[in-house]
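Coordinate-derived values only; no laboratory data. All values reported here derive from a predicted model rather than from experimental measurement. Quick reminder, even Gly has a Cβ in these numbers, built from the backbone with ideal geometry, and neighbours come from all protein chains shown.
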Amino acid sequence: MKAEGIGDTIYVGPEAEFFVFDDVKYKADPYNTGFKLDSTELPSNDDTDYETGNLGHRPRVKGGYFPVPPIDSAQDMRSEMLTVLAEMGVRVEKHHHEVAAAQHELGIKFDALVRNADKMLIYKYVVHQVANAYGKTATFMPKPIFGDNGSGMHVHMSIWKGGKPTFAGNEYAGLSENCLFFIGGVIKHAKAINAFTNPLTNSYKRLVPGYEAPVLLAYSARNRSASCRIPFGSSPKAKRVEVRFP
């Protein structure tokens, strides 16, 4: 990239989603194969008997985006995850409940590509460890629940040169020609990229219509089904591409 004069720094902002379950059972032997997941947030627990009573506060199917407690039962756990991340040197920004029941996301500050690649390993480690400390199981599996949204890791990307952003311009959605070339490269090589970003059979159970998943090999400033989305940016520094299929 430097040799071609395109830029000298790639900044990325990953958004890794995950589920947290209260109970996980699975079995695989010559006679039985299956698994069972449970969380007090699952709609299937509307009539479950609990020792302390069933309080009835839980998100509906595809209805868990940004609720407040008591529907969001994991706010304190996510706050602790952010605290631990910050103590380990990861710059944090936010946390929130995601669309599916028992689904969550933590926001970390964008950074140079290699640095944030290292931070994602810390991110996953902290999520697993804090969830375990709460007596729960965290998973980054793409589609553990049938019929509800899956988990991805959308990646916001921009190229800078000499300390200045290069993705702002006068083309579609306020992008530069170089940015459109960048998007074209992602689309051209999407099948090869999928070998790394969607390596499992379960990965493709997520990439289906109806769940805000990227099912179109296209780019758009509005359509969340596009593989590459252009988020609104209020300044040239904020111009970026969100690659949504990882």
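Only helices enter the 222 nm calculation for the chain: every DSSP H run of n ≥ 4 contributes -39,500 (n - 2.57), and dividing by all residues gives -7500 deg cm²/dmol, rounded to 500. Couplings 3J(HN,Hα) for the stretch 96-105, derived from phi with the Karplus relation 6.51 cos²θ - 1.76 cosθ + 1.60 (θ = phi - 60°), are 6, 6, 9, 5, 7, 4, 6, 10, 9, 8 Hz, where x marks Gly and Pro. Normalised by the number of residues in the chain, the average gap of Cα pairs under 8 Å and 6 or more apart makes the relative contact order 21 percent.
Once you list every other residue whose beta carbon is under 11 Å from the beta carbon of G135, what net charge do they have if Lys and Arg are +1 and Asp and Glu are -1? Don't jump to the answer; show the numbers that get you there.
Values: positive: K136; negative: D22, D23.
After counting each charged neighbour, the total is -1.
Note on the stretch 176-246: Cα-Cα pairs beyond 17 Å make up 44% of the total pair count. Taking Cα centre as origin and charging only the Cβ of basic (Lys, Arg, +1) and acidic (Asp, Glu, -1) residues, the dipole magnitude of the stretch 152-246 rounds to 140 debye.
Tell me, what are the semi-axes, in whole angstrom and largest first, of the equivalent ellipsoid of the stretch 16-144 as set by the roots of 5 times the Cα gyration tensor eigenvalues? All intermediate terms of the calculation are to be shown ahead of the outcome.
Details: eigenvalues 149, 74, 33 Å².
Listed largest to smallest, the semi-axes of the stretch 16-144 are 27, 19, 13 Å.
The Cβ shell under 12 Å around L37 holds other residues with a net charge of -1, Lys and Arg each +1, Asp and Glu each -1.
How much length is gained on full extension from D38 to E80, taking 0.36 nm per residue of separation minus their Cα-Cα distance? Write down the numbers at each step before the final one.
Values: separation 42, 0.36 × 42 = 15.12 nm, distance 2.21 nm.
Gain on extension, D38 to E80, equals 12.9 nm.
Here the stretch 134-196 has an Rg and Dmax of 17.4, 52 Å, counting Cα atoms alone. Scanning the chain for DSSP H helices at least 27 Å long along the axis (C-alpha atoms) with a Kyte-Doolittle mean no lower than -1.0 picks out 113-133.
Applying the criteria of a DSSP loop state and at most 15 other Cβ atoms within 10 Å to the chymotrypsin sites (Phe, Trp or Tyr not before Pro) of the stretch 137-218 yields F146.
State to the nearest 20 debye the size of the charge dipole of the chain about its Cα centre, where the only charges are +1 on K and R beta carbons and -1 on D and E beta carbons. Don't skip to the answer; put the middle values down first.
Working: 29 positive and 27 negative charges, 228 e Å.
In debye, rounded to 20, the chain gives about 1100.
Give me the Kirkwood hydrodynamic radius of the chain, using the inverse of the mean 1/r over all pairs of distinct Cα atoms, in Å to one decimal. After inverting the mean inverse Cα-Cα distance, the result is 19.6 Å.
Which order do D38, D46 fall in if you start with the one that has the fewest other Cβ atoms within 10 Å?
Least to most surrounded, the residues fall as D46, D38.
Close amide-amide hydrogen proximity is noted between K62 and A101, N149, each under 5 Å apart and 5 or more residues distant or on a separate chain (H modeled in the peptide plane; Pro and chain starts excluded). For the pair the stretch 54-91 / the stretch 167-214, the C-alpha centres are spaced 28 Å from each other. In this rough spin-label picture, where each label sits 7 Å from Cα along the Cβ direction, the D8-T52 distance is 5.5 nm.
Can you give the FRET efficiency for Y31 and N132, using 1/(1 + (r/R0)^6), R0 = 41 Å, r = Cβ-Cβ distance, to the nearest 0.05? Please list the in-between numbers first.
Details: r = 31 Å, r/R0 = 0.75.
With R0 = 41 Å, the Cβ-Cβ based efficiency is 0.85.
Toward the positive end of the charge dipole of the chain, with +1 on the Cβ of Lys and Arg and -1 on the Cβ of Asp and Glu, the farthest Cα among F182, P70, N45 is that of F182.
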